[in-house]
1. Being at pLDDT below 80, among the small types (Gly, Ala, Ser), surrounded by 12 or more Cβ atoms within 10 Å (Cβ to Cβ) and farther than 19 Å from Ala172 by Cα narrows it down to one residue among Ala91, Ala21, Ala112, Ala55; which is it?
2. Among Gly137, Gly154, Gly160, which is small (Gly, Ala, Ser) and modelled with pLDDT of 85 or more?
Amino acid sequence: MTKKRMSMLILSSWLVSVLLAFWWLELRHISKIEPSLLNQQSVGREVADLIKASASSTADGSAPVVVHFIDPGCDCSDDTYAHLEQLTTSALSKVSAKLPQHTNLLYTQSNAALPDTLKQMKRITLNEVPEVTPVVGVWKADGTLVYLGAYSTGPSCGSGADLLREALLNAAGEPLPMPDWPIQVSCHCRWST
């Protein structure tokens with residue numbers, strides 16, 4: 001084999017290795033969230049029961065409820081943290097000023113370190129959860145499920161259409177059409193714990 005062919009073989013092998021490493025590190029969790037992975041009916045029913053049971057003990061029973069299903073062990077969670085920080089910090093986001101008042105709840109199976117945005121949320125225990133994470137659910141104050149799925153339509157949280165914002169506005173009474181399943185391509189993992 002000539003030196004030129006050997007050099008081309010080495011260069012080609014290196015390039016393929018770099019592309020495979022990039023795919024494994026960056027793209028392995030990006031795919032369409034299938035509706036079956038969300039356990040929508042059972043999760044929706046259990047959270048609705050939780051909302052109805054706690055409605056009498058809360059000061060404002062008319063606010064929508066947002067449940068964040070997040071596993072700190074999932075590589076996709078970092079983008080979710082940044083997105084939530086943007087939504088909750090009104091000084092940084094014009095969007096958050098338009099969001100209706102709502103109650104944030106957190107479901108996580110891990111006691112790993114969480115960012116301050118999530119530490120401030122009330123943690124809940126559920127028997128039924130989506131099979132993938134990070135996922136967000138929005139319920140009206142009466143327990144009606146408005147949305148359960150990805151935070152946004154893009155491959156990383158916060159890119160593409162902001163589905164959380166649209167679902168919150170919908171739950172607060174603004175009739176916005178929620179997108180169909182085929183555009184819910186996002187970064188997500190199976191629960192690690």
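The values are calculated or read from the model by the stated rules, or taken from the named source; none is laboratory data. Just so it is clear, the structure is predicted and the values come from calculations on it, not from any experiment. So basically every Cβ, Gly included, is an ideal-geometry build from the backbone, and we count neighbours across all protein chains shown.
1. Going through Ala91, Ala21, Ala112, Ala55 in turn, the sole match is Ala112.
2. Sole residue among the options that is small (Gly, Ala, Ser) and modelled with pLDDT of 85 or more: Gly137.
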